[in-house]
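**Q** First the structure, then my questions, so here it is.
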Amino acid sequence: MINFLERVFSPLTNLLGTGLEFFHAQGLPWWLSIALLTIVVRTLLFPLTLKQVKSMRAMQDLKPEMDRLRAKYKDNRQKQQEELMNLYQERQVNPLGGCLPLLVQMPIFITMFYVIRGFGEEHPDFVEGGILWFQDLTQADPFYILPVVSAVTMLAASEITAKNLEPQQRWMMRILPVVFTVFLLTFPAGLFMYWITSNLVTLVQNYLIYNHGPGKKVPAAPDKEKAPAQPAPRAAKNQDSSAQEGNGRKATQVKQPSTGGRKRKRRR
């Protein structure tokens, strides 16, 4: 299976390997070359990330109508799916658009694994191309610091997007970094240089997109039916005051004949 995947991703492996060699040829250490290559790759994938956010935002905006259609055709699954597809086509929304960047990044992650594993044999200095406590980029971090840093950066990046998700989805986004940490615990340190750098790029992109871009949550518009009802108390007060003034005028009008009658009696 591993050999099959290596053959499938061999064109991408050669491309990323050439890019890694290019940065190292500029006099950069291998760990920094991996980081710079990751930044370049993630920058090229940014349009897909932007498309993912727009698709997720469109799906969130459609959720009330989707819930209404599901409730209306809950006893007819075929009709429900037809109406949902018509809604997607009408609003030009792709329900699978949010998965596209993830599907693209997974082959790159697998390819980087093969690149880093093969560079140890092709380039002897790659074994000592690390920094600080992880000098050998082909071996796992002996202190497991890189997996923890990877989990923290992934969690920080996901927290920005989790604000716009449902509570269940939010907890799922928080559990994923832990699962990835356990799964990647024994992976080479060079692969963590790619993964941590990718998480940091995601963190910056998410901050810009969800605070200053299409992912920013637009506040709900005020209800048009309830808006005119706000000045009603003032109108009621004005009506009460006018009614009191009207009653006062009537009272004075009633009192005037009685005083006139008393004066006439005194004149007699």
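The values are calculated or read from the model by the stated rules, or taken from the named source; none is laboratory data. None of the values given here were measured: they were computed from a predicted structure. A quick note on method: Cβ atoms are made from the backbone with ideal geometry, for glycine too, and the neighbour counts reach across all protein chains shown.
**Q** Looking at (1) touching a residue at least 40 places away in the same chain (Cβ under 8 Å); (2) more than 18 Å from Met106 (Cβ to Cβ); (3) buried (at least 16 other Cβ atoms within 10 Å of the Cβ); (4) touching a Ser or Thr at 6+ places or on another chain (Cβ under 8 Å), can you tell me which one Phe23 breaks?
**A** (1)
**Q** So which pairs qualify, if the first residue must be in the stretch 66-80 and of a type in the set (Lys, Arg), the second must be assigned to a loop (DSSP other than H, G, I, E, B) and surrounded by 12 or more Cβ atoms within 10 Å (Cβ to Cβ), the Cβ gap must be under 8 Å, and the two must be at least 6 apart or on different chains?
**A** As it stands, the answer is Lys79/Tyr73, since those pairs meet every condition given.
**Q** Here is a follow-up. Which is more than 19 Å from Arg117 (Cβ to Cβ), assigned to a helix (DSSP H, G or I) and at pLDDT below 75, of Pro219, Pro228? Show your work before the answer.
**A** On the way: Pro219 fails: assigned to a helix (DSSP H, G or I).
It is Pro228.
**Q** Within the group Val179, Val115, which residue is closer than 18 Å to Leu37 by Cα and of a type in the set (Val, Ile, Thr)? Let's see the steps before the verdict.
**A** Numbers: Val179 fails: closer than 18 Å to Leu37 by Cα.
Among Val179, Val115, only Val115 is closer than 18 Å to Leu37 by Cα and of a type in the set (Val, Ile, Thr).
**Q** For Pro95, state whether it is modelled with pLDDT under 85 and within 17 Å of the chain's Cα centre (by Cα). Explain how you work it out, then say what you get.
**A** Values: modelled with pLDDT under 85: yes; within 17 Å of the chain's Cα centre (by Cα): yes.
So Pro95 passes the test.
**Q** Is there any pair linking a residue in the stretch 85-109 that is over 22 Å from Leu37 (Cβ atoms) to one that is among the β-branched types (Val, Ile, Thr) and at pLDDT below 80, with Cβ under 9 Å and at least six apart or on different chains, and which?
**A** Leu87/Val93; Gly98/Val53
**Q** Residue under question is Gly27, and the condition is that it be in a helix (DSSP H, G or I) and closer than 26 Å to Tyr194 by Cβ; does it hold? Spell out the reasoning first.
**A** Working: in a helix (DSSP H, G or I): no; closer than 26 Å to Tyr194 by Cβ: yes.
So Gly27 fails the test.
**Q** Of all residues being more than 30 Å from Tyr210 (Cα to Cα) and among the polar types (S, T, N, Q) in the stretch 58-86, which is farthest from the chain's Cα centre (by Cα)? Just the residue, please. Before you say what the answer is, go through the steps one by one.
**A** Initial filter on the stretch 58-86 (more than 30 Å from Tyr210 (Cα to Cα)): 71-83.
Those still in the list that are among the polar types (S, T, N, Q) too: 76, 78, 80-81.
Working: Asn76: 32, Gln78: 31, Gln80: 27, Gln81: 26 Å.
Filtering first and then ranking leaves Asn76.
**Q** Among the residues of the stretch 46-72, which ones are surrounded by 18 or more Cβ atoms within 10 Å (Cβ to Cβ) and more than 19 Å from Gln89 (Cβ to Cβ)?
**A** Correct list: Thr49, Gln52, Val53.
**Q** Taking the criterion of being modelled with pLDDT of 80 or more and within 30 Å of Leu62 (Cβ to Cβ), would at least one residue in the stretch 145-154 satisfy it? If you could, list the steps in order and put the result at the bottom.
**A** From the stretch 145-154, those modelled with pLDDT of 80 or more are 145-154; that's our starting set.
Right, trim to within 30 Å of Leu62 (Cβ to Cβ) and you get 154.
Yes.
**Q** I would also like to ask the following. Does at least one position in the stretch 116-125 carry a residue that is aromatic (Phe, Trp, Tyr) and either surrounded by 18 or more Cβ atoms within 10 Å (Cβ to Cβ) or part of a helix (DSSP H, G or I) (or both)? Talk me through it step by step, then tell me what you get.
**A** Taking the stretch 116-125 as the starting set, the residues that turn out to be aromatic (Phe, Trp, Tyr) are 119.
Among the residues that remain, those that are also either surrounded by 18 or more Cβ atoms within 10 Å (Cβ to Cβ) or part of a helix (DSSP H, G or I) (or both) are: 119.
Yes; the residues of the stretch 116-125 include at least one that is aromatic (Phe, Trp, Tyr) and either surrounded by 18 or more Cβ atoms within 10 Å (Cβ to Cβ) or part of a helix (DSSP H, G or I) (or both).
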